[in-house]
1. Do we have Leu183 as open to solvent by less than 20 Å² (accessible area, probe 1.4 Å) and among the hydrophobic types (A, V, I, L, M, F, W, C) here?
2. Pick out the one residue from Glu67, Glu79 that is under 24 Å from Lys159 (Cα atoms), among the acidic types (Asp, Glu) and over 17 Å from the mean Cα position of the chain (by Cα).
3. Out of the residues in region 1-46 that are small (Gly, Ala, Ser), surrounded by fewer than 23 Cβ atoms within 10 Å (Cβ to Cβ) and closer than 18 Å to Leu183 by Cα, which is modelled with the highest pLDDT?
4. Which residues, taken from region 93-127, are open to solvent by 10 Å² or more (accessible area, probe 1.4 Å) and either touching a His at 6+ places or on another chain (Cβ under 6 Å) or part of a loop (DSSP other than H, G, I, E, B) (or both)?
5. Within region 28-52, take every residue that is in a strand (DSSP E or B) and within 16 Å of the chain's Cα centre (by Cα) and give me the one that is farthest from Gly117 (Cα to Cα).
6. In region 162-175, is there at least one residue being at positive phi and in contact with a Ser or Thr (Cβ under 8 Å, 6 or more places away or on another chain)?
7. List pairs: first in region 188-216 and more than 24 Å from Met22 (Cβ to Cβ) and open to solvent by less than 70 Å² (accessible area, probe 1.4 Å), second at pLDDT below 95 and β-branched (Val, Ile, Thr), Cβ under 9 Å, 6+ apart or cross-chain?
8. Looking only at region 62-82, decide whether some residue is of a type in the set (Val, Ile, Thr), open to solvent by 10 Å² or more (accessible area, probe 1.4 Å), touching a strand residue (DSSP E or B) at 6+ places or on another chain (Cβ under 8 Å) and without any contact (Cβ under 8 Å) to a residue 40 or more places away in the chain.
Amino acid sequence: MTDLTGKVAIVTGAGRGLGRAMAHGLARTGAAVTVAARTASELDSFVDEVKAAGGQALACPTDITDEASVERMVDATVETFGRIDVLVNNSGIVASTPLIDQSADEWDRVVATNLRGTFLATKAAGRHLVAQGSGKVVNIASNFALQGVANHAAYSASKAGVIAFTRSMAIEWSRHNIQVNALAPGYFATPLNAEMRADADTLAKVVRAIPARRMGEPDELTSWLLLLASSASDFMTGEVIVIDGGQSVR
């Protein structure tokens, strides 16, 4: 049921880390994949990898906070592959700053990337999904949206907004046969946190807060993405799946 042969997916924030892993997962199951991020070289290397494996991929350098840039990403996908079936809103940034020290500019950057970007991409791709009467939107939230976390007010608030947005769009687009769901990951081992994982004391502190006593591996998130991107989730919408080794239930 998770065969995506003939489907077309867009993954934002796909240059590295979880976004890249999820994009590879979609490509492995047969989807043509548009990857979007700011850094063109990372996207180009992804396309080379997918094409070498016999798949289809398109690189679209994109500023997810800029409406015109997002529209170009969607238009390029439709021009290249003819349609859109799956949108994965993964672009996100983190700011670890005490609130009284946080500038309004930093707050705005986090909210613009994490929440405004999700809105812009969903709106742009949604026009095509509504017109064809089918589609899947998977928003990447965070377990930080579900618990109090010091020094992460902007990030937590923006990801909580992503969850509320997910539920609203699930209701709004149900009549168009579009399912909108969210994944809320916790700590996963990616190149983005390699420096943190290299510090034994910091890593031990993080792992102690996770009942599973380890960080997740990217494929453990990708497997859930494939379910939400496929026909396996046709009767599922407005849901938030938390994948964090039990951290948020403490």
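1. Working: open to solvent by less than 20 Å² (accessible area, probe 1.4 Å): yes; among the hydrophobic types (A, V, I, L, M, F, W, C): yes.
So Leu183 fits the description; yes.
2. The match here is Glu67.
3. Out of the qualifying residues, it is Ala21.
4. Within region 93-127, Ile93, Val94, Ser96, Thr97, Pro98, Gln102, Ser103 meet the criteria.
5. If we take residues in region 28-52 being in a strand (DSSP E or B) and within 16 Å of the chain's Cα centre (by Cα), then Val33 is farthest from Gly117 (Cα to Cα).
6. no
7. Pro211/Val249
8. For region 62-82, residues of a type in the set (Val, Ile, Thr), open to solvent by 10 Å² or more (accessible area, probe 1.4 Å), touching a strand residue (DSSP E or B) at 6+ places or on another chain (Cβ under 8 Å) and without any contact (Cβ under 8 Å) to a residue 40 or more places away in the chain: absent.
The values are calculated or read from the model by the stated rules, or taken from the named source; none is laboratory data. Keep in mind that what you see is a predicted model, and the values were worked out from it rather than measured. Using ideal geometry, Cβ is built from the backbone for each residue, glycine included, and neighbour counts are taken over all protein chains shown. These accessible areas exclude ligands, DNA and RNA; they are computed on the full protein's heavy atoms, side chains included. Shrake-Rupley method; radii C 1.70, N 1.55, O 1.52, S 1.80 Å.
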